[in-house]
Amino acid sequence: MEEKERTKKPTAGEMHQTFQSLSLSDDFLFGKVMGDQEVCRVTLENILGVPISRIGVPAVEHVIDLLHDKKSIRLDVYVADENGDVYNCEMQTGRARELPRRARYYHGCMDLDVLMKGQKYEALAKSFVIFICTFDPFNEGRYVYTFRNMCDEAPGLAMDDGSHTIFLNTRGTVGDVSAAMKEFLAYVEDSSDEFAAAAGSEWVKQLHCRMKKIKESKELEAEYMKSYLTYLENVEEGIKLGEERGMEEGIKLGEERAAVVWQTVLTERENVISEQSTRLSEKDDIITKKDGLLHEQEARIKELMEKLAAM
């Protein structure tokens, strides 16, 4: 019964309801919304607080795999502006302790992606890695965490290497951010028509307009269904593989434990046999000594009898 429940696939009606209820925090929907050139430009402009006049066509699920023997990366949204500055925007719903190191690796891969062989380091443009988190990545309660490379010995002295890492926190309560930013962070998790209608930010309304068009598309709904079913199949395959490996490891562990127990039994048996042998050996020594005494007594008695007879 449990096996049937676990492998049950959602119906088309259930999938439709799921698709319609998606919020901006969903990876699929986030990619489709940010895939719109103008929506992506306005979002980056509002997050960074600087004007961005023009960007290229955003690449969704962009893969950077420059070295065959090194780890590749898949970026949710990757785009460059008219100055060559590059931006990576990630939606992060699962708490992950390695986010800062991921950001570091992303910056390095993005630099390799844009710097041509033979170019000088001055050709490196600015790079921005942005994580939109539905949790507080640093537990400080802030709406926004912005990081740059700074000098420890001279506070305020930035290395000015052009790399910027920004973490947005949808659960934030601390920090001087705009009303539009607060509405955006709330909208990430509550992307309902009611919230969008009540929002005063044109940014949120523009995002919601794009989202409604996506949810009205039968083609995109079918694409989501296909990717979601593939995800469920991968999860199911992973569960089965885990069970098989778990069973194999369980059998191996059982055999190892049985071998230890059996070895203990054998050792105890050997100890018992050894003790019994020692006791028998001791008994043999006693008997031998008694036989020797009897022989000595018999010899003395014979000797006295012979002396008596001679008298």
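Numbers below:
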| read-out | value |
| --- | --- |
| Cut-off 9 Å between beta-carbons: net charge of the residues surrounding GLY56, Lys and Arg +1, Asp and Glu -1 | -1 |
| Whole-Hz couplings from phi, Karplus 6.51/-1.76/1.60, listed for the stretch 158-174; x for Gly and Pro | 8, 6, 6, 8, x, 9, 9, 10, 10, 10, 9, 10, 5, 9, x, 9, 10 |
| Cβ charges +1 (Lys, Arg) and -1 (Asp, Glu), total dipole of the stretch 10-216, debye | 260 debye |
| Nitroxide proxy distance, nm - points 7 Å out along Cα→Cβ at ALA125 and GLU61 | 2.5 nm |
| Separation in nanometres of the label points that stand 7 Å from Cα toward Cβ, at GLU237 and VAL174 | 4.5 nm |
| Cα centroid separation - the stretch 72-90 against the stretch 105-119, whole Å | 12 Å |
| Residue order, fewest to most surrounding Cβ atoms within 10 angstrom, among GLU236, GLU98, GLU90 | GLU98, GLU236, GLU90 |
| Residues of the stretch 112-149 with amide N under 15 Å of the 7 Å Cα→Cβ point at ALA158 | 125-129, 145-149 |
| Under-5 Å amide H pairs with SER201, H placed in peptide plane, nonlocal only | none |
| 29 Å Cα-Cα threshold exceeded, pairs from LYS126/LYS212; LYS9/LYS212; LYS70/LYS213 | LYS126/LYS212; LYS70/LYS213 |
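Computed from the coordinates by the stated procedures, all read-outs in this text should not be read as laboratory data. Please read these numbers as outputs of a predicted model, since none were measured by experiment. All Cβ positions, glycine included, derive from the backbone under ideal geometry; neighbour counts span all protein chains shown.
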